[in-house]
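As structure tokens, the structure follows; a few thoughts come after it.
The values are calculated or read from the model by the stated rules, or taken from the named source; none is laboratory data. Owing to the predicted nature of the structure, the values given are computational and were not obtained by experimental measurement. Reconstructed Cβ throughout: ideal geometry from the backbone, glycine too, with neighbour counts over all protein chains shown. Just the protein is used for accessible areas: all its heavy atoms, side chains included, with ligands, DNA and RNA removed. Shrake-Rupley method; radii C 1.70, N 1.55, O 1.52, S 1.80 Å.
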Amino acid sequence: MRAATVHLGERSYPVHVGGGLLGRLGEAIGKYLLEVTGCVIVTSPFVDVLYGGLATAAMEALHRGKVLVPEGEEAKTWDAAGELLGALTGHGLDRRGVVVALGGGSVGDSAGFAASIYMRGVRLVQVPTTLLGQVDSGVGGKTAVNHSAGKNLIGSFHQPSLVVCDTELLSTLPKRELRSGLAEVAKYGVITDSILFKGLEVEAERLLAADTNALRWVVARCVAVKARYVKADERDDKGIRAMLNYGHTLGHAVETLSNHSISHGEAVAIGMVAASRVALSLGLLKQADLERQIALLEILGLPTETPYGIAEVLPLMMRDKKAEHGSIRLVLPTGIGSEPVVKGVSEAEIRGALGG
Ligand SMILES: NC(=O)c1ccc[n+]([C@@H]2O[C@H](COP(=O)([O-])OP(=O)(O)OC[C@H]3O[C@@H](n4cnc5c(N)ncnc54)[C@H](O)[C@@H]3O)[C@@H](O)[C@H]2O)c1
Ligand SMILES: [Zn+2]
């Protein structure tokens, strides 16, 4: 059940992965968090309909209340965070109380942000209900709300005390959300875990059918990877956690150009292939390892080609925070499961690799 421990000294915490864990949430909180006076569940309306009842029952005597935040990115506004903080006081949460984030990455980010500032910080339990939440946002302590000047611009680092990934919850996830999450899984495979990559190739069909066992294996492997990166570079200032941005620089540009009609995971898949082409043209990656990625992403039902020309994409990539002095810092793969390199790549080199 314990798939990983995020080792951060006295702030270390376990990450549990398995089917049916939501029903035993109160028990797990009682076991791993000391002197809890009560818990408030933060969730979104849709997730509440599906799992709010089960979660509430599972909290047993610890239950103090439930707060609904808006669906998706609407949860991550300054106003929504303010309302959430007000609701926490309304439920009488005290300094020994716990915020339980039950939902996708957007719920996790806003509830995490609120937990980090409520009474100067209360404990947080992440219960991610999307694949992206389980393999990425639920672990690592990044919290944020958005600002008109930029996404995730206002936030904090606030590590959870416990993360519970119940893979059975993923059975209700829309297929497109599942596929988007699998793009991030493939990313982990490329940058550090060839066994995970192979597992995706072999189990693609079962994963797309939301088979609990296949998902449990994948999520457990991913949280172990994420835990390693977080331990090595908790605050993302040593250049190690930056490796997780593989596929994200061009990906973000495509996501923005499409006005988010291309989902984050779809954009990451496109970005991975583009970064691999750059790596290939610089002699860092073999053709076979580019083709293997394209084949896997296609089996997973993910796009691999940008619908936008290089002339449209490049200006947005240059605006990305990873760009400096006319070159763009890209995470470039060196093989399946081998450590990538981070390298400043010129516009000309990108044009050379991607055409245009
Ligand atoms: N903190 C981090 O480290 C980190 C990392 C990556 C992404 N993020 C953030 O995560 C957010 C995206 O998260 P997301 O992809 O989980 O999207 P999301 O939170 O918007 O959820 C997507 C949709 O899925 C629904 N949903 C959630 N669980 C479900 C389930 N089990 N069954 C059916 N439907 C379900 C939700 O109601 C929502 O409508 C972004 O805001 C992004 O910035 C944060
Ligand atoms: Zn991502």
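Points worth noting:
- Of the numbered criteria (1) out of contact with any Leu (no Cβ under 6 Å at 6 or more places or on another chain); (2) at pLDDT 95 or above, the one residue 300 fails is (1).
- Tally of residues being among the charged types (D, E, K, R), under 30 Å from residue 295 (Cα atoms) and over 14 Å from the mean Cα position of the chain (by Cα) across region 147-181: 4
- If you go through region 37-63 and keep only what is in contact with a Leu (Cβ under 8 Å, 6 or more places away or on another chain), crowded, with 18+ Cβ neighbours inside 10 Å and closer than 23 Å to residue 96 by Cα, you end up with 39, 40, 41, 42, 43, 52, 55, 58, 59.
- Reported count of residues in region 227-248, each being within 11 Å of ligand 2 (Cβ to nearest atom), buried (at least 23 other Cβ atoms within 10 Å of the Cβ) and not aromatic (Phe, Trp, Tyr), is 3.
- Hey, residue 182 within 10 Å of ligand 1 (Cβ to nearest atom) and in contact (Cβ under 8 Å) with a residue 24 or more places away in the chain or not: no
- Residue within region 195-218 that is out of contact with any Lys or Arg (no Cβ under 8 Å at 6 or more places or on another chain), within 9 Å of ligand 1 (Cβ to nearest atom), under 30 Å from residue 29 (Cα atoms) and touching a residue at least 60 places away in the same chain (Cβ under 8 Å) present: no
- Any hit, region 92-112, residues being over 22 Å from residue 24 (Cα atoms), more than 16 Å from ligand 2 (Cβ to nearest atom) and hydroxyl-bearing (Ser, Thr, Tyr): yes
- Among all residues of region 52-74, there is none that is assigned to a loop (DSSP other than H, G, I, E, B) and either of a type in the set (Lys, Arg) or modelled with pLDDT under 95 (or both).
- Residue satisfying all of: in region 215-226; hydrophobic (A, V, I, L, M, F, W, C), away from ligand 2 (no atom under 14 Å from the Cβ) and surrounded by fewer than 24 Cβ atoms within 10 Å (Cβ to Cβ); nearest to residue 328 (Cα to Cα) among these: 224
- Taking the numbered list (1) aliphatic (A, V, I, L, M); (2) in a helix (DSSP H, G or I); (3) more than 16 Å from ligand 2 (Cβ to nearest atom); (4) within 23 Å of residue 72 (Cα to Cα) in turn, residue 182 passes all entries but (3).
- Verdict on residue 251 being within 17 Å of residue 183 (Cα to Cα), open to solvent by less than 60 Å² (accessible area, probe 1.4 Å), more than 11 Å from ligand 1 (Cβ to nearest atom) and free of Cβ contacts under 8 Å to residues at least 60 places away in the same chain: yes
- The set of residues from region 296-306 being part of a helix (DSSP H, G or I) and open to solvent by 50 Å² or more (accessible area, probe 1.4 Å) comprises 298, 299.
- Residue in region 322-333 that is at pLDDT below 95, of a type in the set (A, V, I, L, M, F, W, C) and part of a helix (DSSP H, G or I) present: no
- Of all the criteria given as (1) open to solvent by 10 Å² or more (accessible area, probe 1.4 Å); (2) under 18 Å from the mean Cα position of the chain (by Cα); (3) acidic (Asp, Glu), the one not satisfied by residue 184 is (1).
- For region 259-287, the candidate set comprises residues that are more than 15 Å from ligand 2 (Cβ to nearest atom) and open to solvent by 60 Å² or more (accessible area, probe 1.4 Å); within that set, the residue that is nearest to residue 352 (Cα to Cα) is 281.
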